[in-house]
Amino acid sequence: MTLQLPQPPAGALRSVLAALASPHAVRHVTTPALRVPDPADPPRPTQPLPAHLLRAGVALEAAPRTGWRFLIRCGGQVVAAAETLETPDGHAFSHFAEGPYLAASLLALQQARRITTGSAVPYEPRLLSIPARYTTALWLHPLRPGATDLLIPLAPAPLGVAAHRPYPAAELLDLFRRPAAPPDRDRPGTPPAGPDALTAAGR
């Protein structure tokens with residue numbers, strides 16, 4: 001068994017495709033491939049992941065899904081990420097993001113494939129935002145009862161947490177229950193608090 005990538009809702013995918021075709025939606029991005037796409041090799045959404053939000057005092061299994069996140073590929077490279085939100089009216093495009101978190105997301109997915117290869121348990125990859133700790137992690141949720149959830153914190157990780165080390169979820173969340181150190185705003189790439197921490201830092 002290995003990773004079982006979830007299929008995004010059709011509405012989420014449609015909203016991203018519409019945004020890629022909208023000059024208004026891409027007006028703030030710096031990537032030329034999005035601003036002036038090549039008709040012969042247009043940007044396309046890949047590797048969709050459900051995005052979950054873990055607030056203080058909420059159990060991991062109760063962390064709600066807030067939307068979907070896609071990596072945008074063009075010319076064989078990931079050039080941006082796109083996020084959608086779940087709304088009462090369906091799925092809505094939220095924004096594009098660029099920056100170092102793109103590489104961190106790819107690295108975490110590569111790690112996830114390695115550590116789940118040969119496992120008897122299938123895992124579903126998810127993105128988990130933990131705003132109280134200025135952290136986003138790749139969440140490997142087992143699809144069989146009784147198996148252990150795993151979390152891979154994306155770089156940059158908070159003090160005391162090793163970025164890109166797979167943790168049993170209970171172990172990492174126990175670390176997060178300890179008193180928090182103030183975020184180092186001078187540290188390059190430190191993401192802001194909030195459910196869009198990964199996005200604002202540029203996944």
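The values are calculated or read from the model by the stated rules, or taken from the named source; none is laboratory data. Being a predicted model, the structure only gives us computed values, none of them experimental. When we count neighbours, we look across all protein chains shown, and the Cβ atoms used for this are built from the backbone with ideal geometry, even at glycine. Side chains included, ligands, DNA and RNA excluded: accessible areas come from the protein's heavy atoms. Shrake-Rupley method; radii C 1.70, N 1.55, O 1.52, S 1.80 Å.
Things worth noting here:
- Any hit, the stretch 152-162, residues being touching a strand residue (DSSP E or B) at 6+ places or on another chain (Cβ under 6 Å), part of a loop (DSSP other than H, G, I, E, B), open to solvent by 10 Å² or more (accessible area, probe 1.4 Å) and of a type in the set (G, A, S): no
- Scope the stretch 5-39; condition open to solvent by less than 90 Å² (accessible area, probe 1.4 Å) and assigned to a loop (DSSP other than H, G, I, E, B); matching residues: L5, P6, P8, P9, A21, S22, A25, V26, V29, T31, P37
- Only residues that are over 21 Å from A12 (Cα atoms) and either under 15 Å from the mean Cα position of the chain (by Cα) or not charged (D, E, K, R) (or both) were counted across the stretch 55-80, and they come to 9.
- Considered as a group, the residues in the stretch 40-56 that are outside any loop (DSSP other than H, G, I, E, B), of a type outside the set (S, T, N, Q) and touching a residue at least 60 places away in the same chain (Cβ under 8 Å) include one that is surrounded by the fewest Cβ atoms within 10 Å (Cβ to Cβ), and that residue is L53.
- Verdict on T66 being farther than 16 Å from G90 by Cβ and either aliphatic (A, V, I, L, M) or open to solvent by 20 Å² or more (accessible area, probe 1.4 Å) (or both): no
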